[in-house]
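Below is one structure; the comments refer to it alone.
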Amino acid sequence: MATTVFFLLVLIAAMGLAIWRAPIWVWALGVAIATFIWQTPLAHGPGYEPSSTFLRVLAWLPAILLAALSIPALRRSLLVEPAFRAVKKILPKVSDTEQQALDAGTVGFDAELFSGTPDWAKLRSVPPIILTPEEQAFLDGPTEELCRLINDWQIRHAEREIPEAVWAFAKKHGFLGMLISKEHGGLGFTAQAQSLILGKIASRSPDVVTIVMVPNSLGPGELIEKYGTDEQKHYYLPRLARGEEVPCFSLTGPTSGSDAATMRDIGTVTKGMHNGQEVLGIRLSWDKRYITLGPKATLVGLAFRLFDPDKLLAKGEDIGITVALIPANHPGVNIGRRHLPSGAAFPNGPNWGENVFIPMEYIIGGEKMLGQGWRMLMECLAAGRAISLPSSATAGAKSMLRVSTAYGRIRKQFGLPVSRMEGIEEPLARMVETAYVNEAGRAVTAAMVSRGEKPSVISALMKYQTTERLRKSVDDAMDIHGGRAICDGPTNYLQSAYLMVPVGITVEGANILTRTLITFAQGALRAHPYLYKEVQAVQNPDSEKGFEQFEDAFLNHLSFSLSNMAGSFFHNITLGFFGAVPENARGTEKIYRQLWRQSRNFALVSDLTVAVLGGGLKTKQKITGRLADALSELYLLSCVMKRFEDDGKPVADRPIVALCACNSLYRFELALRGAVDNFPNTFVRGLMRVLVFPFGRHYYPASDRVGSKAVRLACEPGEVRDRLTRHIYISNDVNDPTGILEVTLKKVIASEEAEKKLDRAIRAGTIRRYHGIDWFGDAVAKGVLTEAEAAQLREVESLVARVIAVDHFDPIELKPNYMTPGHNAQAATAQPASAPRAGQAAAE
């Protein structure tokens, strides 16, 4: 018994020293004390017989070794120098493009999650959604007007083009220059404002938001604003802001998709003629495709690899990736025909050129920025990827929820609204969660960018997570609507989202690539507290200085790893009870404790993964993909907690927060368990299982009861429904495909009591409800309904018939050559399915 108690106390002491990250000399002292006590009866109880002298001396070796390692000179020769040589030998060299990508972004709250001890104060310091009066007025004014101007069916079917009226309105009101500073004629809006504006437009039309998104994302406007010469800024930015120039940016080519750094597009420094004079410039040959706005562009941003074989610039032969801005009408520039991505109407197409000479003044930033193109692109992408697609995907998820809950509440089958059927509640609960989580992540991330951060890791996970979650929400919306969703036409409000989801998943780094190669691999280097410092140290050309840097980072890394092991095991065997909770977190303490606990687990698994796999990490993409998922769940759940607090902790939202938290922790555990169970090193796999899952599985999905509560809240008009779907375009026009849903929903709920009276009479056989019978008139005649109630139900029946109706066409309109040049586009308008008025007899 005494021996068991002794070992238990030693284990607790060792865990305490590890979590505290005690220096080596303290470990040496602790081990010496434990060894001394072990060799006394105190540790064994009555009947203790001392071991042999040899074993007693041998037991002191750990304490002696630790004491030796506490001496700097011995520690360097015995531990640090061998580690330095080993790491330097096995670590692959970071390429210039990889280095620029790593240096491009900033590290924020993602570093807190990688540390295993997140500082909740840093999360809370991120501002809530704040707009200036000017930004709010723009969101409520021109943005609403633009949404009302949009006819989605006309754009994506009748014309397959963005109407000139929409282009003109967007240009007139400065939509194309939101990113450009006021100094240069733009609106100078914050990232938060841009995100909300883009989201509102996206909720109306994915095509129209694209033509607004691209000029305000990675492209010529942002590149010139940040890196352009004064002349370029003064000339181009006002023209871009006013829409006098339409930009595109050409990066992707046939052989360089996700791996854009391998582009074959080439420029050679040479002399040539420009405006009648011989000048120093670049002769270009390129072939690009998938270029959004390309067919409409007047300015072509172009990324290419620059060489100087004649050393005219005295910067070496391979100068590197460079970015130029070329007028679309420049001699030799070929703007190709249009691609048709998922049948979308936004302009997208190829461009190319062969032996095209451009002057140096076309280089963004001038000669000093030659070869700096990849860094420029990565710096802009680190911030831009956090805004454009997450805003659109979030708005899409909210729109899918808004229309699906309304339709589910209106549409009846088997005598009740389909939203109250458990089979429909299940996908609706997923949609509620997606809308809440996506908005939480969007708001926090946009606020980070607004205050100057460039969160490259967070922007990557936000891009792939929000678009993937939108894909599922769109699928759920289609399932709930059934035949109403698959029959396209002017009144179909789901098809545009259904068609455009694959585009968002593919662009700005395909989700497969972003998930498996970028999010965790880049995050492990940039957000890990010591790993990147070690990499920089071993690759430092000054070996002596590099060794000094390595020693500090390596020793801290060791204590960090021990702390993670002990901390992870401790918080798992105590079920997270001692996890850190921020101030004023009453009611959400359990969630914060579990977040803290799982951050410890994530830090441990990610640290061991990087340490063991090293340079082979890139080839273990299933593991890195799962760890990216785990990191995403931690970040998004943290954002959920912040959103709940920023909203004032509304009591009505608690079931939704519980839904999000339960499912997020469950998915986190699945992702982490998958990474651990498939880890290639047997010993490390076993160690992680013991430390991270000492009691096995812990989390489960949210209960059906919690999901049901969340769905009921989302289906009823009121503050919860409005909070879930805030900042999207909402119409109350009965002639609008979504507006009629809003009007009908309110009237259906208002007429519930009258509907119940009628239903009881029908079940009793008093009233018969079949075509050809005026059942409302019969109900009034038999005293079941009053005249007012009958009129109310007649109106509701008529509105419901319109809501569930589907479009139909003259067969000739569906032929491929029907829409020929000069044909009247308005003639291609489908007719909604006709339905007899409620209670109207067929004879009438």
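The values are calculated or read from the model by the stated rules, or taken from the named source; none is laboratory data. Not measured: the values here are computed from a predicted model. Note: ideal-geometry Cβ built from the backbone for every residue, glycine included; neighbour counts use all protein chains shown. The area values use the complete protein model at the heavy-atom level, side chains included, leaving out ligands, DNA and RNA. Shrake-Rupley method; radii C 1.70, N 1.55, O 1.52, S 1.80 Å.
A few remarks follow.
- Per-atom-type breakdown for the chain gives carbon and sulfur 57% of the accessible area (1.4 Å probe, protein chains only).
- For residue 399, the accessible area of its heavy atoms, probed at 1.4 Å with every protein chain present, is near 20 square angstrom.
- For the stretch 154-289, the Cβ-based charge dipole about the Cα centre amounts to some 240 debye (Lys, Arg positive; Asp, Glu negative; other atoms uncharged).
- DSSP beta bridge pairing in the chain, given as percent antiparallel to the nearest 5: 80
- Taken along the Cα-to-beta-carbon direction at a fixed 7 Å, the label points for residue 312 and residue 367 span 1.1 nm.
- The lysines whose alpha-carbon is closer than 24 Å to the alpha-carbon of residue 590, local same-chain residues fewer than 8 away aside, are 122, 642, 649, 709.
- Nearest-ten-degree value, helix 495-506 long axis tilted from longest Cα axis of the chain: 20
- Label-to-label distance for residue 136 and residue 762 is 4.6 nm, based on points extended 7 Å past Cα in the beta-carbon direction.
- Accessible area ranking (1.4 Å probe, heavy atoms, ligands and nucleic acids excluded), largest first, for 374, 38: 38, 374.
- Local electrostatic count at residue 123 - Lys and Arg +1, Asp and Glu -1, tallied over other residues with Cβ under 12 Å: -1
- Computed over protein heavy atoms with a 1.4 angstrom probe, the accessible surface ordering of 354, 755, largest first, is 354, 755.
- For the peptides 424-434, 323-333, the ranking by mean Cβ contacts within 10 Å, running from highest to lowest, is 424-434, 323-333.
- Centroid-to-centroid separation of the stretch 207-223 and the stretch 747-768 [C-alpha atoms, Å]: 52
- Under a model in which nothing but the beta-carbon of Lys, Arg (+1) and Asp, Glu (-1) is charged, the chain shows a dipole of about 1840 debye around its Cα centre.
- Dipole magnitude for the stretch 579-727: computed about the Cα centre from +1 point charges on Lys and Arg Cβ and -1 point charges on Asp and Glu Cβ, it is near 380 debye.
- The slack in the chain from residue 451 to residue 360, taken as 0.36 nm per residue of separation less the alpha-carbon distance, amounts to 29.4 nm.
- Subset of 89/545; 182/315; 233/454; 311/368; 288/311; 288/463 violating a 25 Å alpha-carbon distance limit: 182/315; 288/311
- 0 to 90° range, to nearest 10: angle between helix 422-450 axis and the chain longest Cα axis: 60
- In Å², nearest 10: area of residue 60 left accessible to a 1.4 Å probe: 80
- What the phi angles of the stretch 116-124 give under the Karplus curve with 6.51, -1.76 and 1.60, with θ = phi - 60°, is a coupling list of x, 9, x, 8, 5, 5, 5, 5, 5 Hz, glycine and proline written as x.
- With a Förster radius of 25 Å applied to the beta-carbon distance between residue 60 and residue 12, the computed FRET efficiency rounds to 0.70.
- The 1.4 Å probe gives accessible areas that order 506, 405, largest first, as 506, 405.
- Structure-derived Cα extents along the principal axes in Å: which label, when the choices are (i) 125, 80, 62; (ii) 92, 70, 60; (iii) 112, 88, 45: (iii)
- Charge-dipole axis of the chain as Lys and Arg at +1 and Asp and Glu at -1 on Cβ define it, positive-most pick from 12, 592, 681: 12
- Area accessible to solvent at residue 700, 1.4 Å probe radius, in Å²: 130
- Value of relative contact order over the chain, rounded to a whole percent, pairs C-alpha under 8 Å and six or more apart: 14
- Note: relative contact order over the stretch 347-475, using C-alpha pairs below 8 Å and six or more positions apart, is 36 percent.
- Expected 222 nm ellipticity per residue - DSSP helices of 4 or more, -39500 (n - 2.57), all of the chain, to 500: -17000 deg cm²/dmol
- Distance (nanometres) between label positions extended 7 Å along Cα→Cβ at residue 426 and residue 699: 2.1
- Partner lysines whose Cα lies under 24 Å from the Cα of residue 757, excluding those fewer than 8 positions away in the same chain, are identified as 412, 746, 747, 782.
- Taking each residue as 0.36 nm, the span from residue 329 to residue 99 lengthens on full extension beyond its C-alpha to C-alpha distance by 79.2 nm.
- Whole-Hz Karplus values for the stretch 284-299 come out as 10, 9, 8, 8, 10, 8, 6, 8, 5, 6, x, x, 9, 6, 9, 10 Hz, taken residue by residue from phi with 6.51 cos²θ - 1.76 cosθ + 1.60 and θ = phi - 60°; glycine and proline positions read x.
- A Förster radius of 22 Å combined with the Cβ-Cβ distance from residue 36 to residue 75 puts the calculated FRET efficiency at roughly 0.40.
- Taking the longest Cα principal axis of the chain as reference, the axis of helix 704-715 is set at about 40 degrees.
- Put simply, the amide H of residue 320, placed in the peptide plane, has neighbours under 5 Å in 306, leaving out anything fewer than 5 places away on its chain.
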